[in-house]
């Protein structure tokens, strides 16, 4: 399973390689929420769920490394700049 960089594992969603294509997984979960034939489909499903849950989305590459992150909640409200 891919490493989770967040201290609250349940507050993240990950797109990771899967034997059957690409998986949409909740952080800390062993089983995938959904499995898709393309990374694009898995990312769309994960993004929709992440927005609903207000979680951070991590998109991993084939090697398991994080390629990009996107936050859909839990952002600090008082950001200056």
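The values are calculated or read from the model by the stated rules, or taken from the named source; none is laboratory data. For clarity, every value in this text was computed on a predicted model and none was experimentally measured. Cβ placement follows ideal geometry from the backbone for every residue including glycine, while neighbour counts extend to all protein chains displayed.
For the range 1-20, the set of residues classified as surrounded by fewer than 18 Cβ atoms within 10 Å (Cβ to Cβ), at pLDDT 95 or above and either touching a helix residue (DSSP H, G or I) at 6+ places or on another chain (Cβ under 8 Å) or closer than 18 Å to residue 65 by Cβ (or both) consists of 17, 18, listed by residue number.
Select from the range 26-40 the residues that are farther than 17 Å from residue 10 by Cβ and exposed (fewer than 14 other Cβ atoms within 10 Å of the Cβ) and list them in ascending order. Scanning the range 26-40 gives 37, 38, 40. For the condition crowded, with 16+ Cβ neighbours inside 10 Å and in contact with a helix residue (DSSP H, G or I) (Cβ under 7 Å, 6 or more places away or on another chain), residue 23 qualifies.
Conditions tested, residue by residue: (1) modelled with pLDDT of 95 or more; (2) surrounded by fewer than 17 Cβ atoms within 10 Å (Cβ to Cβ); (3) in a loop (DSSP other than H, G, I, E, B).
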| position | (1), (2), (3) |
| --- | --- |
| 42 | yes, no, no |
| 48 | yes, yes, no |
| 57 | yes, no, no |
| 62 | yes, yes, yes |
| 69 | yes, yes, no |
| 74 | no, yes, yes |
| 79 | no, yes, yes |
